[in-house]
Protein chains: 2
Amino acid sequence: MPKESTARERLLATAGDIFYREGIHAVGVDRLVSEAGVTRATFYRYFPSKDELVRAYLESEDVALRELFASAGAAVDDPAELLELVLQGIAADVSQHHTRGCPFINAAAEFPDAAHPVRVAVRTHRDWFEATLVEVVKAAGIAAPESVAHSLVLLRDAALVGSYLDGPDVVVPSFVETARTVAGISA
Amino acid sequence: MPKESTARERLLATAGDIFYREGIHAVGVDRLVSEAGVTRATFYRYFPSKDELVRAYLESEDVALRELFASAGAAVDDPAELLELVLQGIAADVSQHHTRGCPFINAAAEFPDAAHPVRVAVRTHRDWFEATLVEVVKAAGIAAPESVAHSLVLLRDAALVGSYLDGPDVVVPSFVETARTVAGISA
DNA sequence: TCAGGACCAGAACGATCATTCTACTTCAAC
DNA sequence: GTTGAAGTAGAATGATCGTTCTGGTCCTGA
């Protein structure tokens, strides 16, 4: 009953699944359309190219995280509590949801050209994430918020990658502890 | 004058360059052989498959880093000084040499199957690196060396990825500072 | 009723993929 | 002096790549 096309949504959802789990250059259009139950013609009706679907996939990941932050910000009043919630949220995401690394880092590994739309989407996401973290850290009244936010971005990258390659059990406690140290929060 | 084949060496060197700079699935055998000045027949004389060349590429990266650590260990006596040298070495490597991220992390992004030879090479490398860091940290007389070494592995992952995506100027100082904090070393 | 858009089914495009093959040259070793 | 390994050149394999096309079905809105 959706006025918005269901074929496009299925395509995007399928792409999100498969691109993340198996890589981007490794999966072809045939695979995508057959998995989404859609024909090639329909694919090219909604996306001018495969690259554009890749970009849309990253954009939807970006949107999902922004919404997560927005709802977390709305649910919590105390800024210090929000920071703690963010750290816990990252830890949970890394152990349960994003177990194959960071979609943006993985995509960047496959797209060396920084001017490519896919890389622009990565850049956009990282800029937003960094700026958002600066706000959260600043609101929590922590000194040198830019520097701390930088470190937290680094640590989240590391947590995502490390959880994929070494397992969350080793990495997540290390992430939480290091993040608290950097932010100057006592356990 | 080398008894050892020069064709194989050229192939491996070329693969190291191109795989790192452009990704793995993105470059074909045609490209590799033409860039190395070698024919397809010669390629398949030395490597049973492209995947095997990928594995050999990662192995050579692994060997290079082990040699770097070995020579650093031989050049320095004071364990605390060695740890500092390792941190500086990572910082330098990240800003000057490995500016397209971590070869192992990038490869893992393209090879989702943990049992694949390429992923086994990644596993081997990370196990060695972690164990080596534990030794260095322990020798420096730092408390909880396993935990600290874990954190340093994470931070190096983050520095490599972050330097690629955000630039070394932002990331390297953050890496050095956070690493010193984690290791309990004063500036 | 019928026009038009959304979608399906499937063939076809030229290009490129990894891999294998034949045929010829070069050179060192026995 | 000959055998054989190492290499070159380049065609050929079948599969898959991203993309386009033809033709038909279904459903909705005017």
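Compute the Cα gyration tensor for the range A:81-158, then decide on rounded, prolate or oblate, letting a ≥ b ≥ c be the square roots of its eigenvalues: rounded whenever a/c is under 1.5, prolate when a/b is larger than b/c in the other cases, and oblate in all that remain.
Oblate shape, in that a/c is at least 1.5 and b/c is the bigger or equal ratio.
For the range B:29-92, treating each Cα as an identical point scatterer without solvent, what Debye log10 I(q)/I(0) comes out at q = 0.12, 0.18, 0.20, 0.27 1/Å?
-0.51, -0.71, -0.78, -1.12
Out of the chymotrypsin sites (Phe, Trp or Tyr not before Pro) in the range A:32-65, which ones are loop residues according to DSSP with at most 13 other C-beta atoms within 10 Å?
Here no chymotrypsin sites (Phe, Trp or Tyr not before Pro) fit, given the DSSP loop and packing criteria.
What does the copy distance list look like for A:Glu59, label position 7 Å along Cα→Cβ, in nm and ordered from shortest?
Label-point distances to the other copies, shortest first: 4.5 nm.
Per DSSP helix of 4 or more residues, -39500 (n - 2.57); summed, then divided by the residues of chain A. What does that give at 222 nm, rounded to the nearest 500?
Helix-only estimate at 222 nm: -25000 deg cm²/dmol.
Contour minus end-to-end for B:Arg180 and B:Asp51, with contour as 0.36 nm per residue of separation and end-to-end as the Cα-Cα distance?
Roughly 42.6 nm would be gained on extension.
Tell me, what HN-Hα J-couplings in whole Hz come from the Karplus equation 6.51 cos²θ - 1.76 cosθ + 1.60 at θ = phi - 60° for each residue of the range A:144-160, using x for Gly and Pro?
Per residue, the Karplus-derived 3J(HN,Hα) values read 6, x, 4, 5, 5, 4, 3, 4, 5, 4, 4, 5, 5, 3, 4, 5, 5 Hz.
Starting from the Cα of B:Ala80, step 7 Å along the direction of its Cβ; do the same at A:Ser60; then give the gap between the two resulting points in nm.
So the label points at B:Ala80 and A:Ser60 sit 5.5 nm apart.
Could you calculate the FRET efficiency of A:Thr6 with B:Val29 from 1/(1 + (r/R0)^6), where r is the beta carbon distance between them and R0 is 35 Å, rounded to 0.05?
Here the calculated transfer efficiency is 0.30.
Output the 0 to 90 degree angle, nearest 10, between the alpha-carbon long axis of helix B:117-139 and the longest principal axis computed from the alpha carbons of chain B.
Roughly 20 degrees between the two axes.
Please work out whether the protein assembly as shown counts as rounded, prolate or oblate from its C-alpha gyration tensor, where a ≥ b ≥ c are the square roots of the eigenvalues and a/c under 1.5 means rounded, while otherwise a/b larger than b/c means prolate and anything else oblate?
Verdict is oblate for the protein assembly as shown.
In nm, what does the list of distances from A:Ile185 to its counterparts in the other copies look like, shortest first, when each label sits 7 Å along Cα to Cβ?
The projected label point of A:Ile185 is separated from its counterparts by 2.8 nm.
Given +1 on the Cβ of Lys and Arg, -1 on the Cβ of Asp and Glu, and no further charges, what dipole in debye does the protein assembly as shown carry about its Cα centre, rounded to the nearest 20?
For the protein assembly as shown, the charge dipole is close to 1240 debye.
Of the residues B:Arg45, B:Arg123, B:Arg100, which exhibits the maximal mean-square fluctuation in a Gaussian network model of chain B defined by a 10 Å Cα contact cut-off?
B:Arg45
Here, each number is a calculation from the coordinates, and none is a lab measurement. If you're wondering where the values come from, they're calculated on a predicted model, not measured in any experiment. Heads up, the Cβs are rebuilt from the backbone with ideal geometry, glycines too, and the neighbour counts pull from every protein chain shown.
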